[in-house]
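Engineer: Sharing a structure here in structure tokens format.
The values are calculated or read from the model by the stated rules, or taken from the named source; none is laboratory data. Here the structure is a predicted model, which is why all the values come from computation and not from measurement. Here Cβ is always computed from backbone atoms with ideal geometry, including for glycine, and neighbour counts include all displayed protein chains. For accessibility, only protein heavy atoms count, side chains too; no ligands or nucleic acids. Shrake-Rupley method; radii C 1.70, N 1.55, O 1.52, S 1.80 Å.
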Amino acid sequence: MTRTERIEAYFEALTAGDIPAILALFTPEAEIHSPFLGVLNVSDFYARLDSASANSELTVLDVLMGRDSGAARFRYDWTLKSGDNIVFEGVDHFTFGPDDRFTAMRIYYDTHPVREDVGDKYA
């Protein structure tokens with residue numbers, strides 16, 4: 001699997017809600033840097049996301065590759081367990097390890113409108 005395919009596989013697994021497939025793309029010690037939740041271990045982050053989500057549809061708009069990293073601009077159509085629907089665009093920046101699994105992911109999006117709509121649904 002190429003690095004671009006790995007990034008695309010991540011978004012496909014996230015849309016499918018397939019947490020084991022997502023975790024397989026990351027190293028066990030990988031960190032997720034979220035503007036909403038802070039820095040969490042990969043398994044803790046996806047457990048929190050899964051507990052808040054009813055459905056997710058992610059559309060990859062662009063993938064940009066660097067030497068040891070890649071970034072994807074995406075549209076997130078997110079349905080929370082509360083039934084609220086949130087739509088926003090963002091960028092996920094992935095750092096690759098020696099085996100091409102992700103060692104870190106940084107999430108970038110404008111949190112202001114999301115916080116107004118969502119509140120603290122992660123609590």
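Engineer: Could you grab the pairs with beta carbons closer than 7 Å, sequence gap of 6+ or different chains, first residue in region 16-30 and in a helix (DSSP H, G or I), second one open to solvent by 60 Å² or more (accessible area, probe 1.4 Å)?
Structural biologist: That search, which allows pairs on different chains as well, returns Ile19/Asp50.
Engineer: Hey, another quick one. Just the residues that are out of contact with any strand residue (DSSP E or B) (no Cβ under 7 Å at 6 or more places or on another chain) and in contact (Cβ under 8 Å) with a residue 24 or more places away in the chain, please, taken from region 54-98. Break it down into steps so the answer makes sense when it comes.
Structural biologist: Our first condition is that a residue be out of contact with any strand residue (DSSP E or B) (no Cβ under 7 Å at 6 or more places or on another chain); within region 54-98, this holds for 65-67, 82-84, 98.
If the condition is that a residue be out of contact with any strand residue (DSSP E or B) (no Cβ under 7 Å at 6 or more places or on another chain) and in contact (Cβ under 8 Å) with a residue 24 or more places away in the chain, then Met65, Ser82, Gly83, Asp84 are the ones that fit.
Engineer: Just give me the residues in region 45-87 being open to solvent by 50 Å² or more (accessible area, probe 1.4 Å), over 20 Å from Asp100 (Cβ atoms) and either among the β-branched types (Val, Ile, Thr) or part of a loop (DSSP other than H, G, I, E, B) (or both), in sequence order.
Structural biologist: Of everything in region 45-87, those that are open to solvent by 50 Å² or more (accessible area, probe 1.4 Å), over 20 Å from Asp100 (Cβ atoms) and either among the β-branched types (Val, Ile, Thr) or part of a loop (DSSP other than H, G, I, E, B) (or both) turn out to be Thr59, Lys81, Ser82, Asp84, Val87.
Engineer: Filter region 3-38 down to the residues that are aliphatic (A, V, I, L, M) and under 13 Å from Arg106 (Cβ atoms), then identify the one that is most open to solvent (accessible area, probe 1.4 Å).
Structural biologist: Taking region 3-38 first, the residues aliphatic (A, V, I, L, M) are 7, 9, 13-14, 16, 19, 21-25, 30, 32, 37.
Remaining after also requiring under 13 Å from Arg106 (Cβ atoms): 30, 32, 37.
On the way: Ala30: 0, Ile32: 0, Leu37: 36 Å².
Among residues in region 3-38 that are aliphatic (A, V, I, L, M) and under 13 Å from Arg106 (Cβ atoms), the one most open to solvent (accessible area, probe 1.4 Å) is Leu37.
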